[in-house]
Amino acid sequence: MSFEVIAFDLDGTLIELNLPFDSIRRSLGIKNRFILETIMEEGDVRKREMMLKILEDFEIKAAKKARRRHYAKEIVDLLRERGTVVGVITRNSRRSVNIVARNLKFQFDFVVTREDCPPKPSPEPVKLILNEFRIPSKFFLMVGDFIFDLLSGKRAGVKTALIRTEMNSRMLTSFIPYADYVFGSLKELGEFLGVVK
């Protein structure tokens, strides 16, 4: 299958961000598993902005220490050299993504963050890119390591690829039904896409 546009999740797929989720929850005074959803449900606009600022501070600190996952830069570069449009769809802030891209030498054709539209698992980030590049959904691939990545892609009507990692290994059985493809590594994905021999 030849994909014209490929969107990668960032944290856990292309990079190791190592966000301290328990510390973030404590700083925000929340217990809910999904931090961003809890923040967005906050009715007080000023409090919500303050909570987003706290979250972004944690993200920026982690972004400065982020490491590329094995074969991440290679697959992005090889796909772009071939003419594929490659970018990132993330629930993180744009400032943190910019730090990661600069420090780890990533070049993306597009970046969609939570500031741009409702975040994954909403289909809106994928739809935004489909509309921007005016391509049929069958030529778009969403790649990620978590169910939100897969749900976002599925809800937008595109193909999805799950990357197995040590972090998601216990949850794979619940993720796989939402994946069109499952790969053990980014290099395996590259082989499937024909950019790695």
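The values are calculated or read from the model by the stated rules, or taken from the named source; none is laboratory data. Worth saying up front: this structure is predicted, and the values here are computed from it rather than measured. Positions of Cβ are generated from backbone atoms using ideal geometry, with glycine treated the same way; all protein chains shown enter the neighbour counts.
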Legend entry - Meets criteria (assigned by TED's automatic domain parsing to the domain that holds Tyr181 and of a type in the set (D, E, K, R)) for Asp44: no
Inset, instruction - Please name all residue pairs, on different chains or six or more residues apart, with Cβ atoms under 7 Å, provided the first residue is in region 28-42 and is under 15 Å from Glu115 (Cα atoms) and the second residue is assigned to a helix (DSSP H, G or I) and modelled with pLDDT of 90 or more. - result: Ile39/Arg48; Ile39/Met51; Ile39/Leu52; Ile39/Leu55
Inset, instruction - State all residues of region 154-197 that are within 17 Å of Ile89 (Cα to Cα), in contact (Cβ under 8 Å) with a residue 60 or more places away in the chain and touching a strand residue (DSSP E or B) at 6+ places or on another chain (Cβ under 6 Å); if no residue qualifies, say none. - result: Lys159, Ile163
Legend entry - Residue tally, condition closer than 22 Å to Pro123 by Cβ, out of contact with any Asp or Glu (no Cβ under 7 Å at 6 or more places or on another chain) and not in a helix (DSSP H, G or I), over region 163-193: 4
Inset, instruction - Identify, by number, the condition in (1) under 30 Å from Asn32 (Cα atoms); (2) crowded, with 18+ Cβ neighbours inside 10 Å; (3) over 14 Å from the mean Cα position of the chain (by Cα) that Phe140 doesn't meet. - result: (1)
Inset, instruction - Filter region 70-87 for residues that are more than 11 Å from Phe106 (Cα to Cα), crowded, with 19+ Cβ neighbours inside 10 Å and in contact with a Gly (Cβ under 9 Å, 6 or more places away or on another chain) and give the result. - result: Leu79
Inset, instruction - Kindly list the number of the only condition in (1) within 17 Å of the chain's Cα centre (by Cα); (2) closer than 22 Å to Phe148 by Cα that fails for Met40. - result: (1)
Inset, instruction - Go through region 61-98 and give me each residue that's over 19 Å from Glu188 (Cβ atoms) and in contact with a Lys or Arg (Cβ under 6 Å, 6 or more places away or on another chain). - result: Arg91
Legend entry - Pair list, Cβ < 9 Å and 6+ apart or interchain, from region 66-87 residues that are closer than 19 Å to Thr113 by Cβ to residues that are of a type in the set (Asp, Glu) and part of a helix (DSSP H, G or I): Val86/Asp77
Inset, instruction - Might you check whether a residue that is of a type in the set (Phe, Trp, Tyr), surrounded by fewer than 20 Cβ atoms within 10 Å (Cβ to Cβ) and out of contact with any Pro (no Cβ under 7 Å at 6 or more places or on another chain) occurs anywhere in region 17-31? - result: yes
Inset, instruction - Those residues that are touching a Lys or Arg at 6+ places or on another chain (Cβ under 7 Å) and either modelled with pLDDT of 95 or more or crowded, with 17+ Cβ neighbours inside 10 Å (or both), I need them from region 166-180; list them, please. - result: Tyr178, Asp180
Inset, instruction - Return yes when Phe8 is within 15 Å of Pro121 (Cα to Cα) and buried (at least 20 other Cβ atoms within 10 Å of the Cβ) and no when it is not. - result: yes
